[in-house]
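What follows is one structure encoded as structure tokens, with my remarks underneath.
Only the coordinates and a few stated rules stand behind these numbers; no lab work does. All figures in this text were calculated on a predicted structure; none of them were measured in a lab. Note that we place each Cβ from the backbone using ideal geometry, even for glycine, and neighbour counts take in every protein chain shown.
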Amino acid sequence: MSASAAPFGFRPAYHPSGLDRSRPYTIQATYATQIAKGDPATLGATTALGTVIVGATTGDLVGIFMGAQWIDSTGKPTISNFWPGAVSGATSIVAWIMDDPACILEAQTDGTFAAVGNASTTTAFLQGVLGSQMNSVNASAANATTGLSQAKLAGSTITVSAQAQFRIVEPGQQVDNNYLSDTFVIFQCAIAQHMYVSNKVAV
């Protein structure tokens, strides 16, 4: 429900073509930071050049992390919703990334959004929000049971005239997503700061 905090990271909602596919990248076996399914991801520089790392809460992204697989030091294949960080002796590491800039995602806001979107009618609310942009926020580890990300849209960063990471497309279509009154609103969004396309500020 969007009336309570229940983040699930950024997950694919749909693709205009009807096809949404992850693509294989890799992670350095020594990369010590956990990456959860649904985390914004980017590509590293210097010693981690061209490999997947967890995305910051501002800046360009390569896509959304969807899971990983690798061969451990004993030769056992492992498939996981999340990269646990620094898997000693891991080889054949594949990180699956939803990297298509056209993919529409959905995520929950972090609870600070209600103070921004206080329009009393659907028309006024949507006119003030659709096309705006927000950054992400992720201060928690993966859900211990599901391996899902705890990343959210940072409601306090909403902008209608500047650059942020995610462009708001429309409210989530969940029946319990009351975007006029709920604190933790679910929105459909697209990556606005993508490494493969030119950035465009909010409209």
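Summed over region 21-54, residues that are touching an Asp or Glu at 6+ places or on another chain (Cβ under 7 Å) and not polar (S, T, N, Q) total 2. In region 1-120, counting only strands (runs of 3 or more DSSP E) that sit wholly within it, none holds 2 or more residues that are among the charged types (D, E, K, R) and more than 15 Å from the chain's Cα centre (by Cα).
If you go through region 58-117 and keep only what is surrounded by 15 or more Cβ atoms within 10 Å (Cβ to Cβ) and in contact with a helix residue (DSSP H, G or I) (Cβ under 9 Å, 6 or more places away or on another chain), you end up with THR109, ASP110, GLY111, THR112, PHE113, ALA114, VAL116, GLY117. Please verify whether PHE184 is buried (at least 22 other Cβ atoms within 10 Å of the Cβ) and touching a residue at least 40 places away in the same chain (Cβ under 8 Å), treating the condition exactly as stated. For PHE184, the condition - buried (at least 22 other Cβ atoms within 10 Å of the Cβ) and touching a residue at least 40 places away in the same chain (Cβ under 8 Å) - is met.
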